[in-house]
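Q: Pasting in a structure now, in structure tokens, and then I'll have a few things to ask.
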Amino acid sequence: MPWNKNRVTSRLGIKYPIVQGPLGGLASQRLTAAVSNYGGLGSFGAHGLKPQAIREVIGELRSITDKPFAINLWVSMEDDGAFVSDAKAFERSLAHISGHITTLGGKPPVFTPYSAIRFEDQARVIIDEKVPVFSFIYGLPPNEILDECRRMGIILIGGATTVDEAKALADAGVDLVVASGFEAGGHRGSFLRCSDDSLNGTMALVPQVSDAISLPVIAAGGIADGRGIVAALALGAEGVQMGTIFLPCKESGASERHRYAILSGGAAVTALTRGFTGRLARGIENQLMVELNAPETSILPYPLQRQLIRNLTSIAESSGHDELIPMWSGQSANLAKSTDISEILDSLVQSVSEIAGRVMLWGENG
Ligand SMILES: Cc1cc2nc3c(=O)[nH]c(=O)nc-3n(C[C@H](O)[C@H](O)[C@H](O)COP(=O)(O)O)c2cc1C
């Protein structure tokens, strides 16, 4: 059986079991469509978008690909404290970055109460637009939404960071599960226990999830070349989801400085932080992360911290202060070598075939 013919490829109607991770916040229609057009599954992370903007993204995607693609949402859109967080809390958190903002010539922001985007309203667009694939993290959508998706023939992919989460997703009737190890760039989408208590590495998580559920498993976290894909398949996964390797692509939504940092070895040290958004996520360890990870730092609930930090990001980017820019990255960033999507995918597909051939030879020689 060729490596690219399995339940993931047949369920999703794709040629290669390679999923481009949603890259919420840095997603781009062109990247998503290019991966889907190649024969993988392109995903678009839409959690930060209002329903009308999601509708427009879907329309744009449909104008540049006729292949399956995924729209990704976060089931939990904010931490509980977001609705009650007040001006005092805002000032306390702002104090940690206001010096940087003024030094770079900016004006510190003022407090505005949280204005929510509802997951249910975003999901409504996905159902109305009948997107081919709906992927999600940070929880389980309400049953009515899952049922409606199934009625519309929308394939459901749920994200798990623990075996128990994978079982909960399987019990809820999703079609595929992404098992995400803590090597991954971006947020830890944990939902049954707090994310700090759900930090499993891909190598440990994937085989246990594969044993625990009968659904096809997609491995994520630290996979960035053919060796990683073959390893994931050997661990019981039937597909992989990669994010960091696509960040340097010309078509990605990452800034030029972010793309350069990843390609030039600037992401050699990554770490987990709540400081960039309020929720635990992996990025390049820089001055800003170290300062915000200090125990005395006040961090606002998600997404208020994210909105606060954006004020610094915009001026740090325009003035070229990489040490003060949140830059998402997984632990395998140094394996990223190219800015060209087709080159990346060609090289993955070719090297998987070569390695798989070698592995079969070991079997014959043994
Ligand atoms: C910048 C960035 C944003 C991400 N946003 C999302 C998201 O919105 N939803 C999601 O399910 N995964 C998200 N991820 C995780 C990726 O989809 C993918 O699972 C992960 O990047 C795989 O690990 P890797 O970074 O080691 O390749 C994001 C990752 C990065 C780097």
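The values are calculated or read from the model by the stated rules, or taken from the named source; none is laboratory data. The shown structure was predicted, so the numbers you read here are calculated from the model rather than taken from an experiment. Here Cβ is always computed from backbone atoms with ideal geometry, including for glycine, and neighbour counts include all displayed protein chains. SASA here: full protein model, heavy atoms, side chains in, ligands and nucleic acids out. Shrake-Rupley method; radii C 1.70, N 1.55, O 1.52, S 1.80 Å.
Q: Taking the stretch 237-246 as the region of interest, how many residues are open to solvent by 10 Å² or more (accessible area, probe 1.4 Å), touching a helix residue (DSSP H, G or I) at 6+ places or on another chain (Cβ under 9 Å) and either modelled with pLDDT under 95 or within 11 Å of the ligand (Cβ to nearest atom) (or both)?
A: Qualifying residue count, the stretch 237-246: 2.
Q: Hey, another quick one. Being open to solvent by 30 Å² or more (accessible area, probe 1.4 Å), touching a residue at least 60 places away in the same chain (Cβ under 8 Å) and acidic (Asp, Glu) narrows it down to one of Glu148, Glu183, Glu144, so name that one.
A: Answer to the check: Glu183.
Q: Which residues, taken from the stretch 43-52, are within 13 Å of the ligand (Cβ to nearest atom) and either open to solvent by 30 Å² or more (accessible area, probe 1.4 Å) or on the phi > 0 side of the Ramachandran plot (or both)?
A: Scanning the stretch 43-52 gives Gly48, Leu49.
Q: How many residues are polar (S, T, N, Q) and within 30 Å of Phe276 (Cα to Cα) when one looks only at the stretch 1-22?
A: 1
Q: Filter the stretch 261-308 down to the residues that are in contact with a Pro (Cβ under 8 Å, 6 or more places away or on another chain) and surrounded by fewer than 20 Cβ atoms within 10 Å (Cβ to Cβ) and list them by number.
A: Within the stretch 261-308, Leu263 is the sole residue that qualifies.
Q: Pairs please, first residue from the stretch 256-275 and closer than 11 Å to Asn286 by Cα, second anywhere and basic (Lys, Arg), Cβ atoms under 6 Å, 6+ apart in sequence or on different chains.
A: From residues that are closer than 11 Å to Asn286 by Cα, the pairs are Thr270/Arg282.
Residue by residue, here is whether (1) away from the ligand (no atom under 16 Å from the Cβ); (2) without any contact (Cβ under 8 Å) to a residue 24 or more places away in the chain holds:
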position: Met1; (1), (2): yes, yes
position: Lys5; (1), (2): yes, yes
position: Arg11; (1), (2): yes, no
position: Lys15; (1), (2): yes, no
position: Gln20; (1), (2): no, no
position: Leu26; (1), (2): no, no
position: Gln29; (1), (2): no, no
position: Leu41; (1), (2): no, no
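Q: Every residue in the stretch 201-214 that is assigned to a loop (DSSP other than H, G, I, E, B), out of contact with any Phe, Trp or Tyr (no Cβ under 9 Å at 6 or more places or on another chain) and open to solvent by less than 40 Å² (accessible area, probe 1.4 Å), please.
A: Ile213
Q: When the stretch 239-279 is examined, which residues are found to be more than 17 Å from Ser28 (Cβ to Cβ) and part of a loop (DSSP other than H, G, I, E, B)?
A: Hits for the stretch 239-279 are Ser264, Gly265, Gly266, Ala267, Ala268, Val269, Arg274, Gly275, Phe276, Thr277, Gly278, Arg279.
Q: Regarding Arg193, is this residue surrounded by fewer than 17 Cβ atoms within 10 Å (Cβ to Cβ) and under 28 Å from Pro326 (Cα atoms)?
A: Yes: the conditions hold for Arg193.
Q: Among the residues of the stretch 93-110, is any open to solvent by less than 40 Å² (accessible area, probe 1.4 Å), modelled with pLDDT of 95 or more and within 25 Å of Gly222 (Cα to Cα)?
A: no
Q: May I pose another question? Do we find a residue being farther than 12 Å from Ser332 by Cβ, among the acidic types (Asp, Glu) and open to solvent by 10 Å² or more (accessible area, probe 1.4 Å) anywhere in the stretch 220-236?
A: no
Q: Just name the residue that is surrounded by the most Cβ atoms within 10 Å (Cβ to Cβ) out of those in the stretch 69-85 that are of a type outside the set (Val, Ile, Thr) and under 18 Å from the mean Cα position of the chain (by Cα).
A: Ala70
Q: Only residues that are assigned to a loop (DSSP other than H, G, I, E, B), over 26 Å from Ile262 (Cβ atoms) and either within 11 Å of the ligand (Cβ to nearest atom) or not hydrophobic (A, V, I, L, M, F, W, C) (or both): list them for the stretch 135-192, please.
A: Selection gives Gly139, Pro141, Pro142, Gly153, Thr162, Gly173, Asp175.
Q: Let me ask something else. Quick check, is Arg310 under 22 Å from the mean Cα position of the chain (by Cα), modelled with pLDDT of 95 or more, among the basic types (Lys, Arg) and not in a loop (DSSP other than H, G, I, E, B)?
A: So Arg310 fits the description; yes.
Q: Conditions: (1) under 23 Å from Thr277 (Cα atoms); (2) open to solvent by less than 60 Å² (accessible area, probe 1.4 Å); (3) within 18 Å of the chain's Cα centre (by Cα). Gly25 meets all but one. Number of the miss?
A: (2)
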